[in-house]
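This report refers to the structure that appears directly beneath it.
Every number in this text was worked out from the coordinates using simple rules, so none of it is lab data. Everything numeric here is computed off the predicted structure, so don't read it as measured data. Note that we place each Cβ from the backbone using ideal geometry, even for glycine, and neighbour counts take in every protein chain shown.
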Amino acid sequence: MIPVGNPAVGNDFIDREKEISLILSTLEKDSVLLIAPRRFGKTSIMRKLEKELLDADEICVFLEVEDVNSPHRFISEIVMALIENEKIERRTRLIPAFKNGFQWFKDNIEEIGISVFKAKLRTNIKNDLKENWIDKTALIFDIINEADSKICFIVDEFPIAIEKMEPKDAEDFLHWFRKLRQVSPNLRFIVGGSVSMDRVVRNVGGVSVINDFKRVRVDGFQKQTALDLIEKIFQEEGWTYVPSYGEKILGCIGEAYIPYFIAIMLSAIKEEYILRDGEINDELIEKTYNFRILGNEGKYYFEHYSQRLRIFYGDMEEKAAIAILKNVCNVDCYPVDMAFGIFKRETAIDDYEQFMDLIADLSNDFYLEHDPENGLKFYSKMLQDWWRIYHGDVQ
Ligand SMILES: Nc1ncnc2c1ncn2[C@@H]1O[C@H](COP(=O)(O)OP(=O)(O)O)[C@@H](O)[C@H]1O
Ligand SMILES: [Mg+2]
């Protein structure tokens, strides 16, 4: 069975060849921003990229920054990751340069490798950077740039770290980070996170602080890939596979074929199969979808989509978004001018441009798709089914 939540690595990792090769070729010249909501497969892709880069003998450092809440902590994480990287020690002169440049390194150099001293070093770096982090960091990155070797940083959950920083710190940090990318020909960053980066930077620096990143969207699998995955899991589980089962399962999930949605569906089928001691057939698949995925148990699968509106959208936007989604979830396609009518009613703002900004946000956050000919529709059938049950009561 594929993991239901944890990143898919090793043999569990399926497909994504196009995304991986696009990102690797982009890295020749640019840094990359991976865009997708929670559970779409960003961390799995980042882990795969790490492996590909390491296999190609590149220097690559993976950072998970969900708990970082200040610029100096962010930078101390980078420095620690560099110090701990054995390839960096072997291939660059970074470590001796750090040793010459910083007291915190001299004090601890003999003890590196022993975890308790690493913790001490981390604290020392953090304390040292607390005051004047911009000036002190300049020296750190002068040293890193002299390494004369390409270094790729993969930074997971970056927008969460930015959000946790004090607004002034976040703004200074984003400007500093932008400049760092400009002046460092050897550094590349693959940055990802589940909350919309555009929304997070809107109040701290604006999109100009991230507009040099090449954006790569993580969408669903192609249908055939999804069918192959389902067949593979059936075989692994020792269940008899008939092609119509694959079609039936994908019919329930609908497009987009997000791997996580397939994973929760298959693991629910497994539970149903074991509990009922039954056989897998169309009826069991349908029952699983209607009663497990869309039933009580499934309530929390998509709850973060409605929370995200509350947390990241302004009050007016949230109100208008909820009212629009409430109507769009009941139909295949919803006319844009009717959605504009809802917007005007909910916000008392008669401004088409502002309305279209909201539609763009809802599209970028993977709620809706806007087809200029047919109107608005949900990005995912499964999310639409869920939304209809929990948020779809039309007044
Ligand atoms: N390439 C993949 N192959 C197989 N399953 C995947 C893949 N990508 C994502 N998944 C499924 O999605 C879940 C979440 O993946 P993850 O990479 O943690 O997403 P994110 O970082 O976007 O939240 C995994 O537990 C797995 O079920
Ligand atoms: Mg992740």
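Computed from backbone phi, the HN-Hα couplings of region 232-244 come to 4, 5, 4, 5, 4, 7, x, 8, 6, 9, 10, x, 5 Hz, rounded to whole numbers (Karplus: 6.51 cos²θ - 1.76 cosθ + 1.60, θ = phi - 60°; Gly and Pro given as x). Taking 17 Å as the straight-line reach from the Cα of LYS232, the aspartates and glutamates in range (excluding those fewer than 8 positions away in the same chain) are ASP12, ASP15, GLU247.
Around the Cα centre of the chain, unit charges on the Cβ atoms of Lys, Arg, Asp and Glu (plus for the first two, minus for the last two) sum to a dipole of about 860 debye. Once backbone amide H atoms are built at 1.01 Å from N, LEU368 has SER363, TYR379 as its partners under 5 Å, excluding neighbours fewer than 5 places away on the same chain. Taking 21 Å as the straight-line reach from the Cα of LYS136, the lysines in range (excluding those fewer than 8 positions away in the same chain) are LYS99, LYS106, LYS118, LYS120, LYS126, LYS168, LYS179.
When the chain is treated as a GNM with alpha-carbon contacts under 10 Å, the residue of ILE311, ILE269, ILE233 showing the greatest mean-square fluctuation is ILE311. The Cα atoms of region 78-216 define a convex hull whose projected area, averaged across directions, is 8.7 nm². Once you divide the Cα radius of gyration of region 29-139 by 2.2 N^0.38 Å, the number left is 1.19.
Model label points for VAL242 and ASP332, set 7 angstrom from Cα along the Cα-to-Cβ axis, are 2.8 nm apart.
Please report the relative contact order for the chain, taking Cα pairs under 8 Å with a sequence separation of at least 6, and give it as a percent rounded to a whole number.
Once divided by the residue count of the chain, the mean separation gives 19 percent.
Here the alpha carbons of region 348-392 define both size measures, Rg and Dmax, at 11.9, 33 Å. For the chain, dividing the convex hull volume of the Cα atoms by the residue count gives 163 Å³ per residue. The phi torsions of region 258-272, fed into the Karplus equation with coefficients 6.51, -1.76 and 1.60 and a -60° offset, translate into couplings of 6, x, 4, 5, 5, 4, 5, 5, 5, 6, 5, 4, 4, 4, 4 Hz, rounded to whole numbers, with Gly and Pro shown as x.
Across the chain, the longest piece that holds none of the GluC sites (Glu not before Pro) lying in DSSP loops with up to 12 other C-beta atoms within 10 Å covers 132-278.
For ARG217 and LEU180, a Förster radius of 22 Å and the Cβ-Cβ distance give a FRET efficiency of 0.30, rounded to the nearest 0.05. With a simple spin-label model that places each label point 7 Å from the Cα along the Cα-to-Cβ direction, the separation between ARG38 and TYR390 comes to 0.9 nm.
Averaging Cα coordinates gives a centre for region 140-185 and one for region 318-395; these two points are 36 Å apart.
Residues whose amide H comes within less than 5 Å of that of VAL61, counting only those at least five positions distant or on another chain, are CYS152, PHE153, ILE154 (H built at 1.01 Å from N in the peptide plane). Here the 3J(HN,Hα) profile of region 78-93, calculated from phi with Karplus coefficients 6.51, -1.76 and 1.60 at θ = phi - 60°, is 4, 4, 4, 5, 5, 5, 7, 7, 5, 5, 5, 5, 6, 9, 10, 9 Hz, Gly and Pro shown as x. Annotation: average projected area of region 135-233 is 8.9 square nanometres, based on the convex hull of Cα atoms across all directions. Site pair GLN235 and ASP142 shows an inter-label distance of 5.9 nm when each label is modelled 7 Å from Cα along Cα→Cβ. Classify region 223-300 from the C-alpha gyration tensor, please: rounded if a/c falls under 1.5, else prolate or oblate depending on whether a/b exceeds b/c. Cα axes put region 223-300 in the oblate bin.
Choose one of GLY206, THR43, ILE134: the residue whose Cα lies farthest towards the positive end of the charge dipole of region 10-217 (beta-carbon charges +1 Lys, Arg; -1 Asp, Glu; about the Cα centre). Checked the options; the winner is GLY206. DSSP loop (so not H, G, I, E, B), at most 16 other Cβ within 10 Å: list which trypsin sites (Lys or Arg not before Pro) in region 7-96 pass both filters. In loop regions of region 7-96 (DSSP not H, G, I, E or B), the sparsely surrounded trypsin sites (Lys or Arg not before Pro) are LYS29, ARG38, ARG93. Axis angle, to the nearest 10 degrees, between helix 167-183 and the longest C-alpha principal axis of the chain: 70 degrees. You can think of it this way: the chain between GLU17 and THR123 has 34.2 nm of extra reach, that is 0.36 nm per residue less the Cα-Cα gap. Over all pairs of different C-alpha atoms in region 223-369, the reciprocal of the mean inverse distance, the Kirkwood hydrodynamic radius, equals 17.5 Å. The distance from the alpha carbon centre of region 41-72 to that of region 247-267 is 28 Å, rounded to a whole number.
Could you calculate the FRET efficiency of ARG345 with GLU166 from 1/(1 + (r/R0)^6), where r is the beta carbon distance between them and R0 is 41 Å, rounded to 0.05? Here the calculated transfer efficiency is 0.65. On a per residue basis, the convex hull of the C-alpha atoms belonging to region 254-332 measures out at 114 Å³. Relative to its Kirkwood radius, the Cα radius of gyration of region 303-391 gives an Rg/Rh of 0.92.
Tell me which of TYR334, ALA360, GLN384 sits at the most positive position along the dipole axis of region 303-391, charges placed on C-beta atoms (Lys, Arg +1; Asp, Glu -1). Value: GLN384.
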